[in-house]
Amino acid sequence: MDITTVGEGAALVVAVHGIQGTRSVWMPVARNLRKEATFILPNLRGRGRAARGLSAEDYGLGAFADDLSDAINFEVRGRPYWLAGWSMGVSVALEYLSRSDVRRPEGVILVSGTGAIREVRWFRAEDERSLLQEIATREKRLELKEAADHDAVAWTWQAIRSTDQRAVLERLDLPALVLHGSQDTDCPSSCADSLAQEIRGAQRQIFIDAGHTLPVTHADLVAKAIRRFVGH
C-alpha cells in the first residue's frame, strides 16, 4: 500500500483520487484543514508507489474498492471516519459502500463525480495509440502535478467506462455532501443534480465558474464546505 497521512485534527477523512490523478489532488484541501482534520490519502493501484496491474481486469471499480478497503482497515482501525472521493474516486467510494461487510463512514463527500460513468466520456478514442494521446492531453488540461501511469489510465477506462452505480445511490443511508463545478466539462453539473436527487437527504453545493479539478483550483471553498459538513 502507498498511503500518506496529512493533518492533526480530530475529524478523520479518507480521500480517494480520480482516474488520472494521485493522492496529491487532495493535498491542498488536506493542508487547509490540517488543524481540524486528519486526511488519509491512499494511492490506488497504478499510481505512485502502489502495485501495478497487468491488464484492464486489474483496474475495475471492484479492484479499486479492494485497495480502498485495505487502506481503511489498515489506517482507520475502527475509529469514526468520513469518506471522500473526487471524480472516479466518487465511483470507487460508491463501490466500496455497496458492500455489506465494510467499515461504514460517518458520511460521504462526493466531489466532481457521477453515479453513471457510462453517461460521461472522459475519453473517446477506441484504438490504444489514440487513447494514450488523449490521456496525455487530458492530464495537461487538468494540470495534474502528479499523474497515474498512462497504461493504467487506459486499462482503467476500458474497465469502468460502461459502469452504472445509480442503484447504489438510493440505498445509501448516511449523510452525503455533493460538491461540483458549474463549468465542469468532464462531469457536467447535471451529474451533481442526479447524485443529490438519488441520495436521500444529500446536500448539494455548486461552485460557479469552477471546473473539474475542484480540490486543486478551489481548495479553500472545498475545505470550507467539508469543515461545515463534518462539524455537524
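Taking the criterion of being at pLDDT below 95 and basic (K, R), the only residue of segment 175-232 that qualifies is R200. Taken residue by residue, segment 90-97 has at least one member that is within 16 Å of G46 (Cβ to Cβ) and of a type in the set (A, V, I, L, M, F, W, C). Evaluating G113 against the criteria (1) surrounded by 14 or more Cβ atoms within 10 Å (Cβ to Cβ); (2) in contact (Cβ under 8 Å) with a residue 60 or more places away in the chain; (3) in a helix (DSSP H, G or I); (4) not hydroxyl-bearing (S, T, Y) leaves one unmet condition, (3). Could you grab me the full set of residues in segment 78-104 that are assigned to a strand (DSSP E or B) and in contact with a helix residue (DSSP H, G or I) (Cβ under 6 Å, 6 or more places away or on another chain)? Within segment 78-104, W82, L83, G85, W86 meet the criteria. Check whether at least one residue in segment 26-41 is of a type in the set (V, I, T) and not in a helix (DSSP H, G or I), and report yes or no. Taking every residue of segment 26-41 in turn, at least one turns out to be of a type in the set (V, I, T) and not in a helix (DSSP H, G or I). Screening the candidates R204, R228 for the property of being among the charged types (D, E, K, R), under 23 Å from A11 (Cα atoms) and crowded, with 17+ Cβ neighbours inside 10 Å yields one hit, R204. Of everything in segment 150-174 that is among the β-branched types (V, I, T) and part of a helix (DSSP H, G or I), the residue that is surrounded by the most Cβ atoms within 10 Å (Cβ to Cβ) is T156. Screening Y59 against (1) over 25 Å from E198 (Cβ atoms); (2) modelled with pLDDT under 95 leaves a single unmet condition, (2). Check whether at least one residue in segment 61-77 is assigned to a loop (DSSP other than H, G, I, E, B) and over 17 Å from the mean Cα position of the chain (by Cα), and report yes or no. The answer is yes, given that some residue of segment 61-77 is assigned to a loop (DSSP other than H, G, I, E, B) and over 17 Å from the mean Cα position of the chain (by Cα).
One line per residue, one yes/no per condition, for (1) surrounded by fewer than 20 Cβ atoms within 10 Å (Cβ to Cβ); (2) among the charged types (D, E, K, R); (3) touching a residue at least 40 places away in the same chain (Cβ under 8 Å):
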{"residue": "Q20", "(1), (2), (3)": "no, no, yes"}
{"residue": "V76", "(1), (2), (3)": "yes, no, yes"}
{"residue": "W122", "(1), (2), (3)": "no, no, yes"}
{"residue": "R129", "(1), (2), (3)": "yes, yes, no"}
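Which members of segment 78-110 meet the condition of being crowded, with 24+ Cβ neighbours inside 10 Å and touching a Pro at 6+ places or on another chain (Cβ under 6 Å)? Of everything in segment 78-110, those that are crowded, with 24+ Cβ neighbours inside 10 Å and touching a Pro at 6+ places or on another chain (Cβ under 6 Å) turn out to be L83, W86.
When restricted to residues that are under 17 Å from the mean Cα position of the chain (by Cα) and outside any strand (DSSP E or B), segment 176-192 contains 8. A71 falls short on exactly one of the conditions (1) aliphatic (A, V, I, L, M); (2) modelled with pLDDT of 95 or more; (3) in contact with a Phe, Trp or Tyr (Cβ under 8 Å, 6 or more places away or on another chain), and that condition is (3).
Being hydrophobic (A, V, I, L, M, F, W, C), touching a residue at least 24 places away in the same chain (Cβ under 8 Å) and part of a helix (DSSP H, G or I) holds for only one residue in A225, A147, and it is A225. Determine if segment 42-57 includes at least one residue that is touching a residue at least 24 places away in the same chain (Cβ under 8 Å), part of a strand (DSSP E or B) and within 15 Å of D2 (Cβ to Cβ). Yes, segment 42-57 contains a residue that is touching a residue at least 24 places away in the same chain (Cβ under 8 Å), part of a strand (DSSP E or B) and within 15 Å of D2 (Cβ to Cβ).
Only a single criterion out of (1) assigned to a loop (DSSP other than H, G, I, E, B); (2) more than 17 Å from the chain's Cα centre (by Cα); (3) under 18 Å from G85 (Cβ atoms) is not satisfied by R200, namely (3).
The values are calculated or read from the model by the stated rules, or taken from the named source; none is laboratory data. On a predicted model such as this, the values are computed, not experimentally measured, just so you know. Because the Cβ atoms are built from the backbone with ideal geometry, glycine has one as well, and the counts that use them run over all protein chains shown.
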